[in-house]
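The values are calculated or read from the model by the stated rules, or taken from the named source; none is laboratory data. This one's a predicted model, so the numbers in the text were calculated from it and none came from an experiment. In this analysis, Cβ positions are derived from the backbone assuming ideal geometry, glycine residues included, and neighbour counts consider all displayed protein chains.
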Amino acid sequence: MLGLMQDRPLLISSLLEHAARHHGGARIVSARPDGSLVRHGWPEIAARAAQLAHALAARGVQRGERIATLAWNEHRHLEAYYAISSMGAVLHTVNPRLFPGQIAYILADAEDTHLLVDPTLLAGAEALADKLPASLRTIIVMGTEADIPAECPLRGRFELLAQESLIAGQPATYPWPDLDERSASSLCYTSGTTGEPKGVLYSHRSTVIHAISTLQKDCFNIGAQDVVMPVVPMFHVNAWGIPYSSAAAGASLVLPGPKLDPASLHRLIEEEGVTFSAGVPTIWTALLNWLRAEPGRRFTRPPRLVVGGTALPTAINAGFLKEYGVSILHAWGMTETSPLGTTNARKPENAGWDADRFLDYARKQGRALFGVEIRVRDGNGQEIAHDGVAFGELEVRGPWIAAQYFNRPGDPAFTEDGWFRTGDVVTVDALGCIEIVDRAKDVIKSGGEWISSITLENLIMGHPAVQEAAVIAMAHPKWDERPLLLVQPKPGMSPTAEELLAFYDGKVAKWWIPDAVEFVESLPHTATGKLWKADLKTRYKDARKSG
């Protein structure tokens, strides 16, 4: 017997229509590169998205056709988010921070036909002109005719249009089709640090379910009165779904554009009354250091922050909470998980812990959201004990978890029984909270035992002279591998190797303490702000500890 309930498809267009119809008072604030602000409401965003959809349809864009964007967090990108997916095409967000060869590769792999480019990124697109795929026929500059240089290398080879001219005169409403909710909606590629980037193809159903799930109190906890600022880029895992969850809640959005320096972010938080923001650890670490630089820098109304990507050192979390009243929720996810998989919110079992005790616990990545199943298996395929000590690889499944990669059937990242192998090595404690102790490719194997490079990095970040740190393996004739600590000191400080290694005393087992320290001027990062361990391993591949 089936239930007698109405069956309506879960579509991205329904999120936009809901926000436009019921939350006209919410505001969409978009920062320009010069710092000026552009203001819209959800009804205006919906109208402009409809105009863009009409323009693309008039150009023959079909359902399932991939349309790429090379853009920052700003209103025209938001309009493209909704227009492209809602009309039945596939939004393909491209990370402009990837290497040119990787950008060319993913445009070709996706077979994009149109590319929407922010004016500030047009020079990068011009440099790629000879590498752009044959499928690409039109480049749309996300601005006016004045944003297109008269001598543009793309002109002639590609049809070159201005978005404002393209949508001018188009109807402000669109008959959004009733698509199959399992239809593809958007396409994101992994950062490709260990090979060519891989495409993750989301559906309308997965996107809407993910958006609704992130509204939970123990996740983003967004409501209609919130002012939400996604610092995480809209080209990276759909800005963690925030453009969709904000529409579902009817919240206001502040889109910071390309300027993500601490002063610009603080200004937006203060002037626009931001109540919630999300970003990677490097963003929040830089903001904390900027706040500390002048005693008078504060928050009139401390926002709630979410951090993901990599672990946020306890010292940074504690600094925000104790000095500025800002609470930070630690979350975990990947491109393949849409991305939210876990959050580290309190449970009844630790609700009574004092701030210091929970701050130490908050370094962990958290427990599974409803809809996400997790299992952790050791090298023999056996599930590990939930004791917070045993290690294993994290596997996940659920309605917003990838089932395979785009154009890559049979990838070994997906198990035969339907789980995605994340490549993260984790422990699980008695409360079901996971802690990533390393990537499977980065864990240090010393004498047959594992050492967590992430744990060592997070601990040393508590040293007052350390700006940033990385730990990688170096070869050892007896133990196979031993930890090498790479440290970028804070400006004006000159810590010694001896004092840094002594900082680990009593915090980890003696045999975990790195064998050597190298001081560096800076550390490399991936296009998504993570430490680029692969580059470091190449640089220091000949580092050895004798004896």
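Okay, here's what the table says:
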{"item": "Within the stretch 458-480, considering residues that are more than 31 Å from the chain's Cα centre (by Cα) and not hydrophobic (A, V, I, L, M, F, W, C), the one modelled with the highest pLDDT", "result": "HIS476"}
{"item": "Hits in the stretch 385-394 - residues which are surrounded by 16 or more Cβ atoms within 10 Å (Cβ to Cβ), assigned to a loop (DSSP other than H, G, I, E, B) and either among the basic types (Lys, Arg) or at pLDDT 95 or above (or both)", "result": "HIS386"}
{"item": "Scan of the stretch 161-196 for residues that are surrounded by fewer than 18 Cβ atoms within 10 Å (Cβ to Cβ) and more than 30 Å from the chain's Cα centre (by Cα), ordered by number", "result": "SER165, ALA168, GLY169, PRO171, ALA172, THR173, PRO175"}
{"item": "Failed item, numbered, when ASN289 is tested on (1) more than 21 Å from the chain's Cα centre (by Cα); (2) more than 22 Å from ASP360 (Cα to Cα)", "result": "(2)"}
{"item": "Strands (runs of 3 or more DSSP E) lying entirely in the stretch 410-510 (those with 1 or more residues that are aromatic (Phe, Trp, Tyr) and closer than 22 Å to GLU393 by Cβ)", "result": "420-428, 449-451"}
{"item": "Among the residues listed as ALA286, ALA251, ALA224, ALA278, the single one being modelled with pLDDT of 95 or more and either surrounded by fewer than 20 Cβ atoms within 10 Å (Cβ to Cβ) or assigned by TED's automatic domain parsing to the domain that holds HIS18 (or both)", "result": "ALA224"}
{"item": "Qualifying residue in the stretch 368-381 (condition: at pLDDT 95 or above, assigned to a loop (DSSP other than H, G, I, E, B) and of a type in the set (Phe, Trp, Tyr))", "result": "yes"}
{"item": "Subset of the stretch 421-477 [among the basic types (Lys, Arg) and surrounded by fewer than 16 Cβ atoms within 10 Å (Cβ to Cβ)]", "result": "LYS441, LYS445"}
{"item": "Residue match in the stretch 87-106 (condition: more than 26 Å from LYS259 (Cβ to Cβ) and polar (S, T, N, Q))", "result": "no"}
{"item": "Residue that is of a type in the set (D, E, K, R), within 29 Å of SER277 (Cα to Cα), in contact (Cβ under 8 Å) with a residue 60 or more places away in the chain and not in a helix (DSSP H, G or I), where the choices are ARG97, ARG76, ARG63, ARG48", "result": "ARG97"}
